[in-house]
1. Looking at region 359-372, can you tell me whether even one residue there is outside any helix (DSSP H, G or I), modelled with pLDDT under 85 and touching a strand residue (DSSP E or B) at 6+ places or on another chain (Cβ under 6 Å)?
2. Scan the helices (runs of 4 or more DSSP H) fully inside region 53-131 and keep the ones with 2 or more residues being of a type in the set (A, V, I, L, M) and over 23 Å from residue 158 (Cα atoms).
3. Would region 16-36 turn up any residue that is more than 35 Å from the chain's Cα centre (by Cα) and modelled with pLDDT under 90?
4. Among the residues of region 546-555, what is the count of those that are farther than 13 Å from residue 536 by Cα and among the small types (Gly, Ala, Ser)?
5. Residue by residue through region 175-194, note down the ones that are crowded, with 16+ Cβ neighbours inside 10 Å and within 25 Å of residue 51 (Cβ to Cβ).
6. Under the condition of being of a type in the set (Asp, Glu) and assigned to a loop (DSSP other than H, G, I, E, B), which residue from region 375-397 is nearest to the chain's Cα centre (by Cα)?
7. Could you say which residue among 240, 172 is outside the structural domain of residue 23 (by TED's automatic domain parsing), crowded, with 21+ Cβ neighbours inside 10 Å and either farther than 30 Å from residue 399 by Cβ or in contact with a strand residue (DSSP E or B) (Cβ under 7 Å, 6 or more places away or on another chain) (or both)?
8. Identify, by number, the condition in (1) more than 22 Å from residue 70 (Cα to Cα); (2) surrounded by fewer than 18 Cβ atoms within 10 Å (Cβ to Cβ); (3) touching a Pro at 6+ places or on another chain (Cβ under 7 Å) that residue 152 doesn't meet.
Amino acid sequence: MSRALDLLSDTFGFPTFRPGQEDVVERLVSGINTLCVMPTGAGKSLCYQVPALLQDGPSIVVSPLTALMDDQVAGLAANGVAASAIHSGRSREENVAAWQDFKAGRAKLLYLSPERLMTERMLAALEPLSPAMFVVDEAHCISKWGASFRPEYEMLSALKQRFPGATLGAFTATADETTRADIAAKLFEGDGDVLVQGFDRPNLSLAVKPKQGWKTQLTEFLEPRRAASGIIYCLSRRQTEEVAELLRGEGYRALPYHAGLSPETRRENQEIFMAESGVVMVATIAFGMGIDKPDIRYVLHLSLPGSMEAYYQEIGRAGRDGAAADVMMLYSMADARMRRQFIEEEGASEDHRRREHKRLDALLAYCEATQCRRVALLAYFGETGASACGNCDICLDPPELIDGTREAQMLFSAIARTGERFGGGHITDILRGSATEKVTARGHEALPTFGVGADRAKSFWQGMIRQMLAGGWLELDISGYGALRLTDTGRAVLKGEAEVEIRQIVTKRENRRTKTAIAAAAEGVDSELLARLKAVRRDLASQRGVPAYVIFSDASLIDMCLIQPRNIEEMGTVNGVGPKKLKDFGETFLAAVAGAGAA
């Protein structure tokens, strides 16, 4: 490592490595295959450039973009290091000269795309040179669970067999546990280390808002940032053009970027954005990989990204200089529906679609977080124990919370009693008393928790699950079938050792119930009937050895008093009366209501 430090100082002008870099360099210099997950701006390039220059043999760097290759080669040249790149953006003469420099040893690094590297002609030409190292940049592209999967990258899994004497390095800023395992399995076949240097970007201020008049929200966000450079991510090409036109009308220098534009226009717009200040790039996800503009002061998502990985990758373009930058996301359930439609239309396997839906679930949970967003974001990538950041919207302006302990215990009990092996849809069916084929096939209609949450709408329990995931009380098994599992903090709540506060979850059905309660207060509920219904509820609860709310909530009994159902069909319209409760208790409560009428 003393040679590495000398090279770092003499060639690159840095007296010491940044935190985390030395561990990676040491492994690669020692010939240990290594996957490194390191946050954007932490200096990944030096982690493989230094070992490459220390090796006796040449090294090949696999990169997904021609612009990124050229930037890397130019950066090395500025430090007096000769490197070559061969790609379609250069003339044949330039590519031939680059190969000759590399073959003769005048350049120790050669940058290639995976498509060009994995041709039989190129592999055969490299074999006599005995490459010391292959480096895969943006390694999440290897995994179909990654945010920017490129099928061509999967071919790189053949490198270990073809060049057994070469060290393999892989680098990315974006990979959850499942993606990391997939990358390591494909590249290293189990023979290598995985180093996770952290995902925290403390200079980014994180914020999320429900979409409510996005044009107004957009202009209000941008107004204090007129002089700054930033990126606005849109869901479609049409929205990209619409937003760019809107901003130009407001006096901003806004440029569109999407796959529908010609390569020349995209290149020109990107060059303007990279070279000038105060430019707004309005883009789809086609823009961003390899963008290394240090002074991007904000990233605004006008629509929901595809996953937590995609979100993290896209916000990672802000604040690469280490100075403060703002990250804002606007989201709506309409965005979520469109994202789910995209997943279904991908044409991928059922297993892939299922995992992508679960990844989207995790992102929605992040949107509905009630505690520090940075804690929620880091927890998704496996970093637990972080303290509140004081630099996100929730820390700076905490939402109004209500006690959700009782509902959380219902949810956690249903999860625990079913062995922590089922997803949110099945758990919601149990809580609401829906005797679906899946529920009855497993005997889950006999559980004490079956139907205990029937007085809540399906959307309430969906929102509750998202908040519990975001707050760390639950975790999602993305690598499996999306099962909900209790964390230690969740188990403490279930045991009555801790409480839970939640953000108010407003649903259409709850709106109706609220109106019912208001009507009850205004019109007056028959107190004698309500007392009779409560007595029936108490007797049933005592017989079954369960709390009274397991039978029916007060809100359901009040609704019964107001509706005064005369038959089983009308009883089914009462708030909180699901199919199972209607079957078990409907006639009993109908008799109680009828008895009041007879009296």
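1. There is at least one residue in region 359-372 that is outside any helix (DSSP H, G or I), modelled with pLDDT under 85 and touching a strand residue (DSSP E or B) at 6+ places or on another chain (Cβ under 6 Å).
2. On the way: elements: 66-78, 92-103, 114-117, 120-126.
Here the list reads 66-78, 92-103.
3. No, that holds for no residue.
4. Here the count works out to 1.
5. If the condition is that a residue be crowded, with 16+ Cβ neighbours inside 10 Å and within 25 Å of residue 51 (Cβ to Cβ), then 175, 179, 180, 181, 182, 183, 184, 186, 187, 188, 192, 194 are the ones that fit.
6. Our first condition is that a residue be of a type in the set (Asp, Glu); within region 375-397, this holds for 383, 393, 397.
In the following step, the residues that additionally are assigned to a loop (DSSP other than H, G, I, E, B) were identified as 383, 397.
Working: 383: 14, 397: 23 Å.
The extreme case among them is 383.
7. Numbers: 172 fails: outside the structural domain of residue 23 (by TED's automatic domain parsing).
From the options 240, 172, the qualifying one is 240.
8. Here residue 152 meets the rest and fails (1).
The values are calculated or read from the model by the stated rules, or taken from the named source; none is laboratory data. Keep in mind the model is a prediction, meaning the values are calculated, not measured. Cβ atoms come from the backbone with ideal geometry, glycine included; neighbour counts cover every protein chain shown.
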